[in-house]
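The values are calculated or read from the model by the stated rules, or taken from the named source; none is laboratory data. A quick note: this is a predicted structure, and the numbers were derived from the prediction, not measured. Quick reminder, even Gly has a Cβ in these numbers, built from the backbone with ideal geometry, and neighbours come from all protein chains shown. We work out accessible area using only protein heavy atoms, side chains counted, and drop any ligands, DNA or RNA first. Shrake-Rupley method; radii C 1.70, N 1.55, O 1.52, S 1.80 Å.
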Amino acid sequence: MNSMFDLIYELPQQIYDARKIAKQTMQKIQNYPVRFSNIANIIIAGMGGSGIGGEILSSLLTYYSPIPTMIVKDYSLPSYVTKQSLFFAVSHSGNTEETLTAYQEAKKISCPVICITSGGKLLEFATQHNDIVIKIPAHLPPRTAIGYLFIPFLIILFELGLLRSFDRDITETIQVLADRRSIYRVRARRLAKDLNEKIPFIISTSRLLNPVANRWRQEFNELAKIVAHTSCLPEFSHNEIEGIGGPTSLKRLTYLLLLFDPNAPERNKLRANLTLTITKGNFFKARKFLPDGKSLLTHIFSLIMQGDLLSYYLARERKVDPLPVRRIDKLKELMSKRRDKVLLNPKNSFF
């Protein structure tokens with residue numbers, strides 16, 4: 001496996017490869033439009049690094065699609081999932097128990113199912129039931145496979161006639177990341193020194209960037225092994241702003257990282273600037289981050305790459321290895337000792 005830095009730095013190539021894999025897969029499938037007519041909503045099941053792509057898609061589609069998109073980060077599906085729902089099961093390993101149980105429910109409902117995975121039980125079940133599968137490379141930490149776990153959504157939905165083509169947006173994203181990543185690297189290395197031993201407080205200024213803020217938090221958690229917090233405007237200004245600076249000991253520990261969307265509503269941009277003024281002195285420091293590129297997709301991934309590199313260099317400052325996730329693995333190990341008794345009991349499964 002490549003180093004964590006290489007996995008982050010190669011994101012432009014990963015996006016390119018992910019588009020190619022998804023297109024080749026969809027070209028091999030015939031008559032699939034018939035199976036996906038009259039879609040009422042899109043449901044995406046995925047956890048952690050495998051689930052953030054669904055959050056990004058849901059946010060992005062609010063600008064481009066009239067079809068509601070919902071994220072499931074649990075074992076069961078909500079009651080509004082019907083035969084007219086399009087269900088995505090996303091698990092890099094193919095063995096995420098929450099996603100597998102949600103997949104089982106979707107099959108019982110008989111709604112159309114598409115899987116994005118590298119293997120495991122999900123690939124086995126999907127192959128058995130002739131589901132569409134985008135098979136992505138294995139042997140990557142899920143958090144470093146965001147290109148493989150997200151880009152196929154755009155290709156699939158376009159091929160199904162449910163979304164406009166994002167091919168130009170993807171091409172721009174690849175080019176911008178390749179051009180700007182050396183600059184992101186230098187900035188991240190510098191800021192990581194300042195951020196060391198602080199608690200990142202990440203605020204997004206639009207619904208487009210809300211999942212990006214969540215991605216930043218996840219990367220701080222998994223790479224740098226620190227606690228981080230996320231919030232969003234305008235909601236932040238209706239409650240959390242009142243609690244900033246308390247307890248007083250947090251003043252010297254919290255570092256505000258503002259993800260600024262230049263296309264956000266003007267009132268949100270005003271709120272962001274006023275928030276920086278009103279809370280001055282209640283954070284250790286504050287830093288504003290801007291996206292690059294023209295398309296919304298490029299905005300999203302330019303900020304994702306900035307956050308990933310910042311988390312990596314913060315891990316180096318803290319002298320921790322960003323690759324292992326020992327607590328996550330330990331919990332999975334403990335849960336797996338009881339999983340077969342619950343999930344794969346013939347009485348609980350249709351397989």
Exercise for the section: Return only the number of the condition from (1) over 21 Å from the mean Cα position of the chain (by Cα); (2) open to solvent by 40 Å² or more (accessible area, probe 1.4 Å) that Leu191 does not satisfy. Expected result: (2)
Practice task
May I ask you to list the residues in segment 194-243 that are of a type in the set (Val, Ile, Thr) and over 23 Å from the mean Cα position of the chain (by Cα)?
Solution key: Ile241
Practice task
Quick one: count up the residues across segment 56-79 that are among the hydroxyl-bearing types (Ser, Thr, Tyr), touching a residue at least 40 places away in the same chain (Cβ under 8 Å) and in contact with a helix residue (DSSP H, G or I) (Cβ under 7 Å, 6 or more places away or on another chain).
Solution key: 2
Practice task
Looking for whichever is open to solvent by less than 30 Å² (accessible area, probe 1.4 Å), closer than 30 Å to Ser37 by Cβ and of a type in the set (Ser, Thr, Tyr) here; the options are Tyr148, Tyr184. Which one fits?
Solution key: Tyr148
Exercise for the section: Taking Leu343 as meeting all but one of (1) of a type outside the set (Ser, Thr, Tyr); (2) exposed (fewer than 15 other Cβ atoms within 10 Å of the Cβ); (3) modelled with pLDDT under 95, write down the number of the exception. Expected result: (2)
Completion exercise
Within segment 66-92, residues surrounded by fewer than 20 Cβ atoms within 10 Å (Cβ to Cβ), part of a loop (DSSP other than H, G, I, E, B) and under 17 Å from the mean Cα position of the chain (by Cα) come out as Lys73, Asp74
Exercise for the section: Please state which of the following conditions Val227 fails to meet, knowing it meets all the rest: (1) exposed (fewer than 14 other Cβ atoms within 10 Å of the Cβ); (2) modelled with pLDDT under 95. Expected result: (2)
Exercise for the section: Look at segment 1-43 and say how many of its residues are at pLDDT below 95, small (Gly, Ala, Ser) and in a helix (DSSP H, G or I). Expected result: 0
Problem - Pick from segment 243-270, criterion touching a residue at least 60 places away in the same chain (Cβ under 8 Å) and of a type outside the set (S, T, N, Q), ranking: most open to solvent (accessible area, probe 1.4 Å) - result: Lys269
